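Chemist: The structure's right below; bear with me while I get my questions together.
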Amino acid sequence: MNAVTLGPAGTYSHRAARAVAAEVSFRESVTAIVDAVAAGEFERGVVPIENSIEGSVTESLDALADHDVAVTREVVTPIRHALLAQGPEFEVVASHSQALAQCRNWLEANYPNAGLEAVASTARGVERAREDARVAGIGHPDNAGDDLEILAEDIQDRTSNATRFLVVAPESARSDAGGKTTLIVYPNANYPGLLLELLEAFADRNLNLSRIESRPSGERLGDYLFHFDVDAGLYEDHMAKAVEDIEAIADNGWVKVLGSYDTEHVLD
């Protein structure tokens, strides 16, 4: 099986993708990853969806809404950030915007005068540090290699830092089996009690929502779609009936059921 994820080699996405496939290729954006899977170029894609400090990855949410794909698995991995540089003197810290945000307090306390540069991935920030002595990167300590110093380890603002990655597949790979289901709902409507109706479809059947997120639809200002993660599989009768209710509520819009899947924890 081949998979595609955020590159270059050494990103946290790469570490998650190695649990999915032996052969891993890279793209520079989540949108490009999901697009490549939807087009049939790769059997699987691995994209970050949620971080325990910074919350949801909005590019991933939007890419899933914009493409016809399935989710077949989620991978949860701890995030251990280190500051890597050629030496202790540098002017800029480069990393993925999420990594910079996850280390915001530590950076302000220890390097308040350093500039921050958002790049495509943590590994890309480490590459910048290798290329330029004025730049430090934030990434996994294993990425230091022989040519960078580990100036500090575990610099994330919370020790419980972890990221969920979704394994994206062609729509034909969608499964009803698994302990969690993801769906995206665009009601194409706006009236008092709309969100309550959507929530009641789950609550009335004692279904737990582990995540709910609203995103602009892109159609018009104030118009939203909703991402739901439900702690049940589509093979369960009460979950299937909840989806039927959701589809009836959103009959002027659409519902994308991305499928049911299980969770794997990757610790290294």
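Chemist: State whether the residues of segment 131-151 include one that is in contact with a Phe, Trp or Tyr (Cβ under 6 Å, 6 or more places away or on another chain) and not hydrophobic (A, V, I, L, M, F, W, C).
Modeler: Yes, there is a match, as at least one residue in segment 131-151 is in contact with a Phe, Trp or Tyr (Cβ under 6 Å, 6 or more places away or on another chain) and not hydrophobic (A, V, I, L, M, F, W, C).
Chemist: Continuing with the same structure: Got a number for residues in segment 151-205 being among the aromatic types (Phe, Trp, Tyr) and under 17 Å from residue 257 (Cβ atoms)?
Modeler: The qualifying residues number 2.
Chemist: Please count how many residues of segment 192-231 are of a type in the set (Asp, Glu), under 16 Å from residue 245 (Cβ atoms) and assigned to a loop (DSSP other than H, G, I, E, B).
Modeler: Matching residues across segment 192-231 total 1.
Chemist: Could you check segment 28-40 and list, in sequence order, the residues that are surrounded by fewer than 23 Cβ atoms within 10 Å (Cβ to Cβ) and over 12 Å from the mean Cα position of the chain (by Cα)?
Modeler: As a first pass, look at segment 28-40 and keep what is surrounded by fewer than 23 Cβ atoms within 10 Å (Cβ to Cβ): 28-29, 31-32, 35-36, 38-40.
Listed by number, the residues that qualify are 28, 32, 35, 36, 38, 39, 40.
Chemist: Now, a different point. For segment 122-133, indicate whether the set of residues that are in a strand (DSSP E or B), outside the structural domain of residue 65 (by the TED database), touching a residue at least 24 places away in the same chain (Cβ under 8 Å) and open to solvent by less than 30 Å² (accessible area, probe 1.4 Å) is non-empty. Explain how you work it out, then say what you get.
Modeler: Residues of segment 122-133 that are in a strand (DSSP E or B), as a first pass: none.
Checking segment 122-133: not a single residue is in a strand (DSSP E or B), outside the structural domain of residue 65 (by the TED database), touching a residue at least 24 places away in the same chain (Cβ under 8 Å) and open to solvent by less than 30 Å² (accessible area, probe 1.4 Å).
Chemist: Follow-up question, since we're still on this one. For the list (1) under 23 Å from residue 136 (Cβ atoms); (2) open to solvent by 10 Å² or more (accessible area, probe 1.4 Å), I need the number of the one condition that residue 58 fails.
Modeler: Condition not satisfied by residue 58: (1).
Chemist: Residues of segment 211-231 being more than 19 Å from residue 67 (Cα to Cα), open to solvent by 60 Å² or more (accessible area, probe 1.4 Å) and either among the basic types (Lys, Arg) or modelled with pLDDT of 95 or more (or both), which ones?
Modeler: 212, 220, 231
Chemist: Under 6 Å by Cβ, and 6 or more places apart or on different chains, what pairs join a residue from segment 214-240 that is among the basic types (Lys, Arg) with one that is not in a loop (DSSP other than H, G, I, E, B)?
Modeler: From residues that are among the basic types (Lys, Arg), the pairs are 215/61; 215/225.
Chemist: So which residues in segment 232-268 are part of a loop (DSSP other than H, G, I, E, B) and open to solvent by 70 Å² or more (accessible area, probe 1.4 Å)?
Modeler: Answer for segment 232-268, where residues must be part of a loop (DSSP other than H, G, I, E, B) and open to solvent by 70 Å² or more (accessible area, probe 1.4 Å): 235, 251, 252, 267, 268.
Chemist: In addition: Mind telling me which of the residues 169, 177, 189 ends up being assigned to a loop (DSSP other than H, G, I, E, B), out of contact with any Asp or Glu (no Cβ under 6 Å at 6 or more places or on another chain) and within 23 Å of residue 20 (Cα to Cα)?
Modeler: Among 169, 177, 189, only 177 is assigned to a loop (DSSP other than H, G, I, E, B), out of contact with any Asp or Glu (no Cβ under 6 Å at 6 or more places or on another chain) and within 23 Å of residue 20 (Cα to Cα).
Chemist: Sort out for me the helices (runs of 4 or more DSSP H) sitting completely within segment 1-117 that have 1 or more residues that are out of contact with any Phe, Trp or Tyr (no Cβ under 8 Å at 6 or more places or on another chain) and over 24 Å from residue 255 (Cβ atoms).
Modeler: Here the list reads 12-17, 30-38, 97-102, 104-110.
Chemist: Name the residues in segment 85-101 that are closer than 21 Å to residue 16 by Cα and open to solvent by less than 10 Å² (accessible area, probe 1.4 Å), would you? Even if it seems obvious, please write down each step before you answer.
Modeler: Here is the first cut: in segment 85-101, the residues closer than 21 Å to residue 16 by Cα are 95-101.
Residues satisfying the conditions are 95, 99.
Chemist: For segment 142-158, which residues satisfy the criterion of being open to solvent by less than 90 Å² (accessible area, probe 1.4 Å) and either in contact with a strand residue (DSSP E or B) (Cβ under 8 Å, 6 or more places away or on another chain) or modelled with pLDDT under 90 (or both)?
Modeler: Across segment 142-158, the qualifying residues are 143, 144, 145, 148, 149, 150, 151, 152, 154, 155.
The values are calculated or read from the model by the stated rules, or taken from the named source; none is laboratory data. What you see is a predicted model, and the numbers here were worked out from it, not measured in a lab. Neighbour counts run over all protein chains shown; Cβ positions are idealised from the backbone, glycine included. These area figures cover heavy atoms from the full protein model, side chains too; ligands, DNA and RNA do not enter into them. Shrake-Rupley method; radii C 1.70, N 1.55, O 1.52, S 1.80 Å.
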